[in-house]
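The values are calculated or read from the model by the stated rules, or taken from the named source; none is laboratory data. Predicted model, so just to flag it, every value in this text is computed and none were measured. Here the Cβ positions follow ideal geometry from the backbone for every residue, glycine too, while neighbour counts run over all protein chains shown.
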Amino acid sequence: MTPAIELQELTKDYAVGFWRPRPYRALDRLSLAIAPGEVFGFLGPNGAGKTTTLKLLMQLIFPTSGSAEILGKPVGDVATRRRIGYLPENPYFYDYLTAEELLTYFAQLLGVPSADRGRRVSHLLDRVGLGRERRFQLRKFSKGMIQRVGIAQALINDPEVVFLDEPMSGLDPLGRRDVRTLILELREQGRTVFFSSHILADAEALCSRVAVVAGGRLAASGRLTDLAEFRIRGWELVAANVSPSALERLRPIATRLTEISSGRYTVELPLSETPDALVTMLAGAGASIVSLNPLRDTLEDFFVQQIAAAAAGARADAGEGGHAGR
Amino acid sequence: MQAVRHIAINVFRESVRDRVPYNLVIFAILLISASYLLGQLTAGQDIKIIKDLGLAATSVFGLFIAIFIGIGLVSKEVERRSIYALLAKPISRPQLIAGKYAGLVLTLAVNVLVMTVALYVVLAAISWNASPEMRAAWEAPPLDPQLLKALLLIFIELMLITAIALFFSTFSSPILSAALTFALYIVGHFNADLKNFELVVDSQPAAWLARGLYHVLPDLSAFDVKMQVVHGLTVPAGYLVSAAGYGAMYIGALLLAATVIFSRRDFK
């Protein structure tokens, strides 16, 4: 099956410095293949190369080497863009237009038939929660509302593949939930979604697979739960009304025990410990279980490790003298 | 072609929303007040002055629109990052340049058209109220169709200035683009002097340089027939065609260069 998105050894160098420009490698030989219907999370800290990758896919910038294809066609193929949607990071749109006019304009450019245009514009504005503000000029919109307009315009042509660069950025919790629901709906409809984020929870809730980039390089890819870096390393239990006797039984097995307030404790347990038995014991001792969650390295921990590894790699490369600057 | 049309209409809509048509109101007020004042002060000369003023104002107002909107056509899109979502649509970069250019030319066309109508209305009003003595002093009829030739050449000049502004806007900042476009406008009006520079300098290399610059820089004086028209002199159709042809070639070259630069540009 032809991948919906395929990147092969995609590399981008920028020239930095005015008088004596030096190459700065923003993306280093990135290869990925995303199958049709996948929701793919593209994760990494700021400056990792996420937006650079998306700009290369939209041909807003040109690769130094390597290639990329969308729906089996090179990224430069103008006709393929009728079949894709794109939300840029922190988008900006013509502020003299109303939300309705902007979507209509983009629908015209995308060749959406005039018979469907009005209905589709109305439906999408309602879907992103801007039905009442459809005739407001965008200059009157807040950052979160612009983000919602951006999501609507990315879907105006009912695209087969949707690229979302930090779609949760600027949204309040309600907005984030709406976007999550929207992405899940797209997945149910069989669309391919490629979204970048630096928030692990978004990826966990939505993605079938992820790739993590750090320092312009692919650090890891696969199912989030299969990635060694994110495997469960223990449990975190929060319990209230913990009696002194129950506490004594907890002390020898807990890797960390913290009293949050009177009788309320956070207990960290090693992976070897079975939480079910402990929950039963605590309940029997009159304690109430507030929450039980798996403990895993956060994406932030992973980023820190990867950045350190990337820096070490760059030092090694510089020592060998054969690599572009980073 | 559809994409170019939609982009052009959007540029036109932007200029309307940015209140560019207000300049038409200022133009109308200027012409009407000038005709009233001149009617009190002069005898027979008023029609010539109104023609002169009308043509000059059409040119100057158009120049400001061409420069100040032209320099932002591309650079504003890049600076504000609205180009990201736009270029992700099924439009090529040359189509974007063509659409942006066509949109501003449409704005200028509407502007020049309305100013032309306003000028003829004011001239008709003066003609209506003129005494036989005043009519006798006129070098050319008030509603002289020759005026249309001058207005057509003004419009072509404005199209050329728009192309210059657009060309600079594909690779430089708005302020620099404005400065360079304005500088070319000034140089362009004195360019004809470079043609015969060897008559005033002894240095042969300087004469060659001047001749080279003459061919590279736009000769905007070719589009200026205001003086002839106001004084009732005929502008031959052949001259009109050659000036229009020169303008079209220069515009074509500028748009081609703008497209080449823009098509290779990274939007970081």
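Some observations on this one:
- Any hit, the stretch B:92-111, residues being over 24 Å from the mean Cα position of the chain (by Cα), under 20 Å from B:P174 (Cα atoms) and either within 14 Å of chain A (Cβ to nearest Cβ) or modelled with pLDDT of 90 or more (or both): yes
Per-residue answers, yes or no, for (1) aliphatic (A, V, I, L, M); (2) under 24 Å from A:A4 (Cβ atoms); (3) touching a Lys or Arg at 6+ places or on another chain (Cβ under 9 Å); (4) within 13 Å of chain B (Cβ to nearest Cβ):
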site: A:L60; (1), (2), (3), (4): yes, yes, yes, yes
site: A:P74; (1), (2), (3), (4): no, yes, no, no
site: A:T80; (1), (2), (3), (4): no, yes, yes, yes
site: A:A115; (1), (2), (3), (4): yes, no, no, no
site: A:R120; (1), (2), (3), (4): no, yes, no, no
site: A:L130; (1), (2), (3), (4): yes, no, yes, no
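- Within the option set B:R13, B:R81, being within 30 Å of A:R81 (Cα to Cα), at pLDDT 85 or above, touching a Leu at 6+ places or on another chain (Cβ under 8 Å) and within 14 Å of chain A (Cβ to nearest Cβ) holds for one residue only, B:R13.
- Every test in (1) under 21 Å from the mean Cα position of the chain (by Cα); (2) not in a strand (DSSP E or B) is passed by A:L27 save one, and that test is (2).
- Scanning the stretch B:191-200 for residues that are surrounded by fewer than 16 Cβ atoms within 10 Å (Cβ to Cβ) and over 24 Å from the mean Cα position of the chain (by Cα), we see that the one that is nearest to B:L55 (Cα to Cα) is B:N196.
- Residues of the stretch A:184-199 that are more than 18 Å from A:P3 (Cα to Cα) and surrounded by 22 or more Cβ atoms within 10 Å (Cβ to Cβ): A:S196, A:S197.
- Matching residues, the stretch A:38-51, being surrounded by fewer than 17 Cβ atoms within 10 Å (Cβ to Cβ) and at positive phi: A:G47
- Just one residue in the set A:T11, A:T52 is over 18 Å from the mean Cα position of the chain (by Cα) and modelled with pLDDT of 90 or more; that residue is A:T11.
- Among the residues examined, A:R231 qualifies as modelled with pLDDT under 75 and either exposed (fewer than 13 other Cβ atoms within 10 Å of the Cβ) or not hydrophobic (A, V, I, L, M, F, W, C) (or both).
- Criterion: outside any helix (DSSP H, G or I), at pLDDT below 90, out of contact with any Leu (no Cβ under 7 Å at 6 or more places or on another chain) and not charged (D, E, K, R) - qualifying residue of A:L282, A:L224, A:L247: A:L224
- Qualifying residue in the stretch A:309-326 (condition: modelled with pLDDT of 85 or more, assigned to a strand (DSSP E or B) and not charged (D, E, K, R)): no
- Of all residues in the stretch A:93-113 being closer than 21 Å to A:L182 by Cβ and surrounded by fewer than 22 Cβ atoms within 10 Å (Cβ to Cβ), the one that is farthest from the other protein chains (Cβ to nearest Cβ): A:E100
- Hits in the stretch B:214-238 - residues which are in contact with a Leu (Cβ under 9 Å, 6 or more places away or on another chain) and hydroxyl-bearing (S, T, Y): B:Y214
- Looking across the stretch B:223-247, the residues that are of a type in the set (G, A, S) and in contact (Cβ under 8 Å) with a residue 40 or more places away in the chain come down to B:G232, B:A243, B:A244, B:G247.
- Any hit, the stretch B:17-25, residues being touching a residue at least 12 places away in the same chain (Cβ under 8 Å), crowded, with 19+ Cβ neighbours inside 10 Å, closer than 19 Å to B:M115 by Cα and within 14 Å of chain A (Cβ to nearest Cβ): yes
- Qualifying residue in the stretch A:130-138 (condition: within 22 Å of the chain's Cα centre (by Cα), of a type in the set (S, T, N, Q) and surrounded by fewer than 22 Cβ atoms within 10 Å (Cβ to Cβ)): no
- Some residue of the stretch A:261-277 being under 13 Å from A:A239 (Cα atoms), without any contact (Cβ under 8 Å) to a residue 24 or more places away in the chain and loosely packed, with under 12 Cβ neighbours inside 10 Å: yes
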